[in-house]
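Working notes, beginning with the structure itself.
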Amino acid sequence: MPDISLTTVVLLCVAALAAGWLDAVVGGGGLLLLPALLLGLPAGTPAAHALGTNKAVAIVGTTGAAVTYARKAPVDVRTAVRIGLAALAGSSGGAFLAAGMSTEVLKPVIMVVLLAVAAFVILRPAFGTAPATGPATRRQILAAIGLAGLGIGFYDGLIGPGTGTFLVLALTALLHLDLVTASATAKIVNCCTNAGALAMFAWQGAVLWQLGALMATFNLAGAMLGARTALKRGSGFVRVVLLTVVFALVANMAYEQWLA
């Protein structure tokens, strides 16, 4: 455990709880969890330790949310795992390239895409509210593996913020899922990408396991509560949270790009 005050530990656990809830509903928990770790860890702590600990916390909550969803939502686990394996490969490629290029030039493009997505969701109130009409076709599954798996996985390794939200949107559009089922499927995909990233950070010795284990307990509680909330409140509620997270992502990226 790093040398941090009890107050800071409590605040980190609260952030983990809130991040777990948000991530289970629609993704975007990293918007809370990673900044909290970067601010809470002692000065001079390598950033990689915050990133590695973030993954150790997030994978526990993501797994808990995935299990909760799988018990009650009509999730095609086999398809989700296939997309997840593609995302694992994509994130590895993105992480490999991230070391040798600047991602700052990509952030304005991502902001434009996010705003376009928000406009689409606002102008299409029925998006993600209707249940799937039947099993996905082979063509739809291949498209999801390519875009939601390889494409968004690559983005996760290269830049990262909003990966869960992008997954929910892509799975809703490509597989014609309702937002609740898309969130459930995204959790399984996230388990695969988080596992790959955590393995790399652990190999590098960049995980604070004691702090991560404590925060993971709260993240798991938040994630299971978030999954139950989404299942109970339905796609309309998830839609509102989705739009909130999209605008928060845009604001966060704009701040980092032009004001930080």
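Taken together, the values in this text are just the output of simple stated rules run on the coordinates, not laboratory data. Small disclaimer: the values here were computed from a predicted structure and weren't measured. Neighbour counts run over all protein chains shown; Cβ positions are idealised from the backbone, glycine included.
Dipole size of the chain about its Cα centre, with +1 on Lys/Arg Cβ and -1 on Asp/Glu Cβ: approximately 840 debye, rounded to the nearest 20.
Using the Karplus relation 6.51 cos²θ - 1.76 cosθ + 1.60 with θ = phi - 60°, the per-residue 3J(HN,Hα) values for region 48-62 come to 4, 5, 5, 5, x, 5, 4, 5, 5, 6, 5, 5, 5, x, 4 Hz, with x marking Gly and Pro. Calculate the length of the line joining the C-alpha centroid of region 146-220 to that of region 40-86, in whole Å. After rounding, the separation between the Cα centres reads 5 Å.
With θ taken as phi - 60° and the Karplus curve 6.51 cos²θ - 1.76 cosθ + 1.60 applied, the whole-hertz 3J(HN,Hα) list for region 190-200 is 5, 4, 5, 5, 5, 5, x, 5, 4, 4, 5 Hz, x standing for glycine and proline. Electrostatic tally near Ala118: other residues with Cβ closer than 15 Å to its Cβ, Lys and Arg +1, Asp and Glu -1, net +2. Its alpha carbons considered, region 158-241 gives a radius of gyration followed by a Dmax of 14.8, 42 Å. Extension gain, Lys72 to Ile4: 0.36 nm times the residue separation minus the Cα-Cα distance gives 20.5 nm. Computed from Cα atoms, the angle from the helix 77-98 axis to the main principal axis of the chain rounds to 50 degrees. Along region 220-233 the Karplus relation, 6.51 cos²θ - 1.76 cosθ + 1.60 evaluated at θ = phi - 60°, assigns HN-Hα couplings of 5, 4, x, 5, 5, 5, x, 4, 5, 5, 5, 5, 6, 7 Hz to successive residues, with x for each Gly and Pro. Under a 5 Å amide H cut-off, with hydrogens placed 1.01 Å from N, Leu208 pairs with Thr53 among residues at least 5 apart or on other chains.
Before rounding to the nearest 500, sum -39500 (n - 2.57) across all DSSP H runs of length at least 4 in the chain and divide by the residue total; then give [θ] at 222 nm in deg cm²/dmol. Display every interim value, and only then the final one.
Details: 11 runs with 194 residues, N = 260.
Only helices count here, giving -25000 deg cm²/dmol.
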